[in-house]
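Structure record follows, encoded as structure tokens.
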Amino acid sequence: MSSTAKITVTVDGDQYIDTVEARTLLVHYLRETIGKVGTVIGCDTSNCGSCTVLMSTADEPARSVKSCSVLAVQADGATVTTVEGLAAPDGSLHPVQRAFHEMHGLQCGYCTPGMIMSAIDLLRENPDPTDEEIRDGLSGNLCRCTGYQNIVRAVRAAAGEEVAP
């Protein structure tokens with residue numbers, strides 16, 4: 001049994017082929033191997049949601065996943081979108097990023113990447129959620145600064161816009 005595996009994964013539109021240790025978490029692969037440091041390591045226990053990314057496979061559409069609970073080898077053949085992959089080629093912000101900025105949906109910014117990625121997944125499933133549905137949809141993400149009011153306002157402001165990355 002080999003302790004390494006070769007993986008091919010598309011991250012933010014670019015394909016990567018790497019050999020990784022079988023125990024490497026996706027969050028560590030993203031940050032340390034390919035330099036996607038916008039994906040934050042918050043707790044390494046999947047409680048905080050700061051490491052949330054969007055991941056799709058041939059069988060499944062893009063869904064938010066906590067990258068600290070996914071092994072890099074499980075992402076073999078997958079497409080991953082990080083917060084860094086959301087901006088348009090001209091540098092303009094994704095609608096959810098823009099709404100977080102305009103509605104002051106962040107303070108320290110540590111939880112923001114995970115909140116944004118979870119909000120995108122929520123808005124794909126439910127383009128016009130109530131405040132209660134927004135809170136429920138973001139319940140796997142913790143913020144220690146904002147009290148969530150402006151985060152909910154930001155998601156509501158982005159509702160109805162095209163949110164696919």
Legend entry - Checklist (1) crowded, with 18+ Cβ neighbours inside 10 Å; (2) in contact (Cβ under 8 Å) with a residue 60 or more places away in the chain; (3) out of contact with any strand residue (DSSP E or B) (no Cβ under 8 Å at 6 or more places or on another chain) applied to residue 47, failing item: (1)
Inset, instruction - Within region 94-106, work out how many residues are at negative phi and either surrounded by fewer than 15 Cβ atoms within 10 Å (Cβ to Cβ) or of a type in the set (Ser, Thr, Tyr) (or both). - result: 2
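Which of the residues that make up region 33-60 are aliphatic (A, V, I, L, M) and assigned to a loop (DSSP other than H, G, I, E, B)? Give the steps one after another, and end with the answer.
Step one: filter region 33-60 for residues aliphatic (A, V, I, L, M), giving 34, 37, 40-41, 53-55, 58.
Residues satisfying the conditions are 34, 37, 40, 41, 58.
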Inset, instruction - From (1) out of contact with any Ser or Thr (no Cβ under 6 Å at 6 or more places or on another chain); (2) within 14 Å of residue 114 (Cβ to Cβ); (3) not charged (D, E, K, R), pick out the condition that doesn't hold for residue 35. - result: (2)
Legend entry - Hey, residue 114 outside the structural domain of residue 45 (by TED's automatic domain parsing), within 18 Å of the chain's Cα centre (by Cα) and outside any helix (DSSP H, G or I) or not: no
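If I filter region 132-139 for residues that are surrounded by 12 or more Cβ atoms within 10 Å (Cβ to Cβ), at pLDDT below 95 and either out of contact with any helix residue (DSSP H, G or I) (no Cβ under 6 Å at 6 or more places or on another chain) or not β-branched (Val, Ile, Thr) (or both), do I get at least one hit? Before the answer, list the steps.
Within region 132-139, the subset surrounded by 12 or more Cβ atoms within 10 Å (Cβ to Cβ) is 133-138.
From what is left, the residues that are at pLDDT below 95 are none.
No.
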Inset, instruction - Scan region 4-25 and give yes if some residue there is free of Cβ contacts under 8 Å to residues at least 12 places away in the same chain and not charged (D, E, K, R), otherwise no. - result: yes
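Looking at region 140-150, which of its residues are out of contact with any helix residue (DSSP H, G or I) (no Cβ under 6 Å at 6 or more places or on another chain) and at pLDDT 90 or above?
Of all residues in region 140-150, those out of contact with any helix residue (DSSP H, G or I) (no Cβ under 6 Å at 6 or more places or on another chain) come to 140, 142-150.
Matches in region 140-150: 140, 142, 143, 148, 149, 150.
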Inset, instruction - State whether one or more residues within region 12-23 are outside the structural domain of residue 113 (by TED's automatic domain parsing), touching a Cys at 6+ places or on another chain (Cβ under 9 Å) and farther than 16 Å from residue 117 by Cβ. - result: no
Inset, instruction - Scan region 88-106 and report the pairs whose first residue is free of Cβ contacts under 8 Å to residues at least 60 places away in the same chain and in the same structural domain as residue 121 (by TED's automatic domain parsing) and whose second residue is buried (at least 18 other Cβ atoms within 10 Å of the Cβ) and among the hydroxyl-bearing types (Ser, Thr, Tyr), with Cβ atoms within less than 6 Å and a gap of 6+ or a chain change. - result: 106/112
Inset, instruction - Can you work out which of the residues in region 140-159 that are on the phi < 0 side of the Ramachandran plot and assigned to a loop (DSSP other than H, G, I, E, B) is surrounded by the most Cβ atoms within 10 Å (Cβ to Cβ)? - result: 141
Legend entry - Cβ-Cβ under 6 Å pairs, at least 6 apart or on other chains, region 143-165 side not assigned by TED's automatic domain parsing to the domain that holds residue 54, far side assigned to a loop (DSSP other than H, G, I, E, B) and surrounded by 19 or more Cβ atoms within 10 Å (Cβ to Cβ): 143/111; 150/105; 151/105; 154/105; 165/86
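The values are calculated or read from the model by the stated rules, or taken from the named source; none is laboratory data. Remember, it's a predicted structure, so these values are computed and weren't measured experimentally. Note that we place each Cβ from the backbone using ideal geometry, even for glycine, and neighbour counts take in every protein chain shown.
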